[in-house]
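Beneath this line is the structure, given in structure tokens, with notes to follow.
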Amino acid sequence: MSVPHNAATTRDAVVAAALEIVTADGPGGLTVRRLAVAARTSTMAVYTHFGSLGGVADAVVEDGFDELRRATAAAPRTGDALTDLFAIALTYLSFAGENPQLYTMMFQHSGAEASRGRRGGVAPGPRAGARGGPAAFRTFLSVFTRTEPEAALGTEIHDEQRLGYAAELWSALHGNAMLRIAGHLDPADDSVAYSLLVALAVGNGVDRDSALRAVDQARNAVRGC
């Protein structure tokens, strides 16, 4: 028998249950019946609040981006702009590594109604509404600009350059994160990530010694959190 909930509590309970299922079994583990049991509600309540299993998946993805924003916003500050930027980058990778199923779903899965030939599941592909990519970029850009990149790079930059720097760094981090999740890179070995950060900084005008020093400082700051 379902336990009575008000609307907000029911919705939150379903999303929380979905997050737990995704964390344990990936998006393929989501079913309406399983969600209803885990959230102690009815299948009808799931449909009432979300419309479909795809609606639940969208809510999980939005929560994932919220968690990512909170995690990167909490990255340590050291007073050195480049070190702080690298600390954000390493925090981003830590989030992906600690939440591999959720992170993958955030970028690579959509609601079931957006995929032909499947019913009642969550399928690979662009998310319904195509909000995931822009939301992810806005998330990363917001934490990138927190570090005052002019100070990090030692020069004045314009808005278009700011977007370009953020896109370069985000692309490198996302690729590294997905290769780790897929098992193509050792998840416990950060050496490739460190090399990427140094190469990006040097390629944008930072001297190599400063970049190496900033990576070391960022690594120590993140480990000390």
For M106, M178, give the ranking by accessible area with the largest first, probe 1.4 Å.
M178, M106
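Kindly state, to the nearest 0.05, the FRET efficiency for D207 paired with H184, given R0 = 25 Å and r defined as their beta-carbon distance.
0.20
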Using alpha-carbon positions, what is the distance between the centroids of segment 38-78 and segment 154-225, in Å?
28 Å
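The values are calculated or read from the model by the stated rules, or taken from the named source; none is laboratory data. This structure is a prediction, so every number in the text was calculated from the model and none was measured. Backbone-built Cβ (ideal geometry, glycine too); neighbour counts: all protein chains shown. For the accessible areas, the whole protein counts, side chains as well, though only heavy atoms, and no ligand, DNA or RNA atoms are used. Shrake-Rupley method; radii C 1.70, N 1.55, O 1.52, S 1.80 Å.
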